[in-house]
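The values are calculated or read from the model by the stated rules, or taken from the named source; none is laboratory data. Computed from a prediction, not measured in an experiment: that's the story for all the values here. Counting neighbours? That spans all protein chains shown, and the Cβs are built from the backbone with ideal geometry, glycine included.
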Amino acid sequence: MKQFVVIGCGRFGSSVAENLYKLGHDVLAIDGHEETVQNISDKVTHAVQVDATDEHALRSLGLRNFDVAVITIGSHIQSSIMATLIVKELGVKYVVAKAQSELHAKVLYKIGADRVVFPERDMGMRVAHNLVATNILDYIELAPEYSIMEITTIDEWHEKTLLDLNIRSRYGINIMAIKHGNHINVSPTANDVVHRGDVLVVIGHNNDLKRLQK
């Protein structure tokens with residue numbers, strides 16, 4: 001069980017905090033608004049009203065003992081940067097910060113953020129890919145040119161083995177897993193058969209993945 005501190009409990013931050021708590025972890029939620037703190041207090045381990053840019057206040061909470069800090073302040077970039085800098089200097093092992101722009105992300109990385117996320121942009125990309133390609137169920141960008149996708153199987157693949165399909169050579173992608181109903185095969189072999197209704201989790205270059213969209 002890890003200890004998480006989530007700073008900024010708007011829509012995204014509260015969702016992160018609540019789900020981490022549901023997964024069985026200790027979660028400290030911090031926000032500057034009393035009403036927000038009250039709304040989340042029974043959905044996390046602890047919730048406190050604190051100014052995220054107040055170093056002394058954050059230090060008094062013992063943040064150095066937490067495994068991960070998630071900075072989800074989105075509306076005020078200066079506060080986001082200050083909070084990230086403070087928790088990093090306090091000794092939090094791993095810091096994840098939400099960014100509004102590429103420039104914001106660069107600054108966050110410069111001051112020590114270990115990971116920067118763009119929840120609105122990423123969700124927009126997922127929705128867009130789902131709208132233009134009906135066989136794409138989910139889409140995650142790993143890097144500017146590489147992604148992971150969940151796709152429904154193409155008709156010509158049904159009842160054929162991965163060896164028969166030779167997907168890596170034909171499309172330049174790798175199959176990470178096959179979902180068949182409630183069963184997930186996370187290490188498919190060349191002899192595994194693809195059935196109608198299966199979902200493939202694939203990884204590859206974006207140009208190659210586009211060839212699978214329909």
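Checked against (1) among the small types (G, A, S); (2) farther than 17 Å from F118 by Cα; (3) in a strand (DSSP E or B), G24 meets all criteria but (3).
This table checks each residue for (1) under 30 Å from P144 (Cα atoms); (2) in a helix (DSSP H, G or I); (3) without any contact (Cβ under 8 Å) to a residue 40 or more places away in the chain.
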| site | (1), (2), (3) |
| --- | --- |
| Q38 | no, yes, yes |
| A47 | no, no, yes |
| L85 | yes, yes, yes |
| V92 | yes, no, no |
| V96 | yes, no, yes |
| L108 | yes, yes, yes |
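Would you mention how many residues in the range 49-66 are assigned to a loop (DSSP other than H, G, I, E, B) and touching a helix residue (DSSP H, G or I) at 6+ places or on another chain (Cβ under 7 Å)?
4
Return the residues of the range 165-214 that are polar (S, T, N, Q) and assigned to a strand (DSSP E or B); say none if nothing qualifies. Give the steps one after another, and end with the answer.
First, the residues of the range 165-214 that are polar (S, T, N, Q): 166, 169, 174, 182, 185, 187, 189, 191, 206-207, 213.
Within the range 165-214, N174, N185 qualify.
Taken over the range 153-202, residues that are closer than 21 Å to D138 by Cβ, surrounded by fewer than 17 Cβ atoms within 10 Å (Cβ to Cβ), touching a strand residue (DSSP E or B) at 6+ places or on another chain (Cβ under 6 Å) and polar (S, T, N, Q) amount to 2. For the range 5-15, check the following and say yes or no: at least one residue is polar (S, T, N, Q), under 22 Å from D54 (Cα atoms), surrounded by fewer than 15 Cβ atoms within 10 Å (Cβ to Cβ) and free of Cβ contacts under 8 Å to residues at least 40 places away in the same chain. Looking through the range 5-15, none of the residues is polar (S, T, N, Q), under 22 Å from D54 (Cα atoms), surrounded by fewer than 15 Cβ atoms within 10 Å (Cβ to Cβ) and free of Cβ contacts under 8 Å to residues at least 40 places away in the same chain. Residues in the range 26-49 that are within 21 Å of K2 (Cβ to Cβ) and hydrophobic (A, V, I, L, M, F, W, C): V27, L28, A29, I30, I40, V44, A47, V48.
Within the range 67-75, the presence of a residue that is outside any loop (DSSP other than H, G, I, E, B) and surrounded by fewer than 18 Cβ atoms within 10 Å (Cβ to Cβ) is excluded.
For D54, are the conditions met, namely being closer than 18 Å to L90 by Cα and either surrounded by fewer than 18 Cβ atoms within 10 Å (Cβ to Cβ) or assigned by the TED database to the domain that holds Y109 (or both)?
In short, yes.
In the set K98, K88, K93, only one residue is under 18 Å from R115 (Cα atoms), touching a Pro at 6+ places or on another chain (Cβ under 9 Å) and of a type in the set (K, R); that residue is K98.
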